[in-house]
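So the structure is just underneath, and the comments pick up after that.
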Amino acid sequence: MLRSLHVLAALTLATLLSAGFKPAPKAKPIVLAYVGGFRGLVDTELIAAEKLTHINYAFVDVKNNRAWLHNLATDSTNFRKLNDLKLRNPDLKILISIGGWAWSENFSDAVLSDTSRVAFAASAVDIVREYQLDGIDIDWEYPGMKGEDNVFRPEDRENFTLMFRALREQLDGLKKQTGKEYLVTTALPGFNEIFTHTNMAQAQQYLSYINVMAYDHFTGGPLAGHHTNLYASGKVDNEQSGDRAVKLYEKAGVPADKLVLGLAFYGRAWQLQNDDPQAHPRSIVKVERGGGYTFIKDSLLTNPAYKRQWDRKAKAPYLYNASLKRFVSYDDEQSVKEKCRYVKKHGLAGVMFWEYFSDPKTYLLSEIDRQFQ
């Protein structure tokens, strides 16, 4: 009986194929760029829209418990010009990203009560409606814990989820008016503490996907290290990595196909105390500027004073300038290739990166595009 069913299934498939039936193509992985509008007007002519699936416009502020555009003239112009990119890529989605490191101060107050959550969500959806955008991304740094100078409280854990429910409900209401699907997403870090202050198993049911900020693993001090490594090097205690972050989100109840792995289009740099960059711990004298990848590739990798090294275990490059004792951590084409392969192997939704204009020559975006063809 079982063999007969297999034969019947094979004959049915053969008939469909001979009739011109083609299986639905597998969805292309997400390639999401954060584009910084907080600096002013965005030169959208420089954006390779054909190589992207999503753009998150960074950032929209939170003021008086509402989503608020800092510079209406600039932001509205940017929205219009970003939407014009759909003439080149009709499938491109444009979202507003609310918050960020500097503008997350007021999230906790804005979502503290049922009334305030509904009003906050409505104000965000009003921006989406007015500028004909495709969704809302929340970059709250951080619920329940200190970021830059944000208000935070224990209630953030529950209100974090309720905020997404309010956004989803408001966007579903807008869908009834327009017939269009809208996205609700969030950007979150990969460190352990975030899972104490969120309930990701509950929150994810309202989210289209989650952008995992798998970078800034080392930032200020007192140590230097890989800031955007895919795997742990094995030489640092409790070391963060992209793989570790993904596993933490899956353990917390987020399906793999809702996770978007973050890449860094910029480097971080430090002056080391020791003159051996492979000696651990890498204690620092001071933090220095790393620069975007276009700068790193064109100005540092071409400079004989900087020697590139590859950490095979971490799948991460770094540069070292012996005379300056300068250590630079970053993503390059090789590490990006490893991360894209990881995304495909583990069934993740795709990749995202901060920030588009850190690599205006699109060295890294072009590598992503090659890997996802």
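Derivation of every value follows stated rules applied to the coordinates shown; laboratory data play no part. For clarity, every value in this text was computed on a predicted model and none was experimentally measured. A quick note on method: Cβ atoms are made from the backbone with ideal geometry, for glycine too, and the neighbour counts reach across all protein chains shown.
Applying 1/(1 + (r/R0)^6) with R0 = 35 Å to the Cβ-Cβ distance of Gln278 and Glu158 gives a FRET efficiency near 0.15.
Inter-label distance, Asp109 to Leu87: 4.2 nm, where each label sits 7 Å from its Cα along the C-beta direction. With all pairs of separate Cα atoms included, region 43-85 yields a Kirkwood hydrodynamic radius of 11.7 Å.
If you take the Cα centroid of region 290-332 and the Cα centroid of region 58-78, the two points sit 36 Å apart.
When a/c reaches 1.5 or more, the comparison of a/b and b/c decides; with that in mind, is region 273-338 rounded, prolate or oblate per its Cα gyration tensor? Cα axes put region 273-338 in the oblate bin. Estimated at 0.36 nm per residue, the fully extended path between Lys28 and Thr74 surpasses their Cα-Cα distance by 13.4 nm. Summing Cβ point charges (Lys, Arg +1; Asp, Glu -1) relative to the Cα centre of the chain gives a dipole of roughly 1240 debye. Taking the DSSP bridge list for the chain and keeping only pairs wholly inside it, about 40 percent are antiparallel. The order of the peptides 244-253, 200-209 by mean Cβ neighbours within 10 Å, most packed first, is 200-209, 244-253. If you take the Cα centroid of region 356-370 and the Cα centroid of region 119-192, the two points sit 28 Å apart. Test of understanding: in a Gaussian network model of the chain with alpha carbons linked when under 10 Å, which of Val287, Val343, Val351 would top the mean-square fluctuation ranking? Comparing Val287, Val343, Val351 in a Gaussian network model of the chain, the most mobile one is Val287.
Using bins of 10 Å that start at zero, the share of Cα-Cα pairs per bin across the chain amounts to 5, 22, 30, 24, 12, 5, 2, 0, in whole %.
For the pair Met145/Glu45, report the inter-label distance in nm, with labels modelled 7 Å from Cα in the Cβ direction. Each label point lies 7 Å from its Cα, and together they span 4.5 nm. Of the residues Met145, Met352, the one with the fewest other Cβ atoms within 10 Å heads the list, and the complete ranking is Met145, Met352. What the Cβ-Cβ distance of Thr219 and Lys176 gives, at R0 = 56 Å and to the nearest 0.05, is a FRET efficiency of 0.80.
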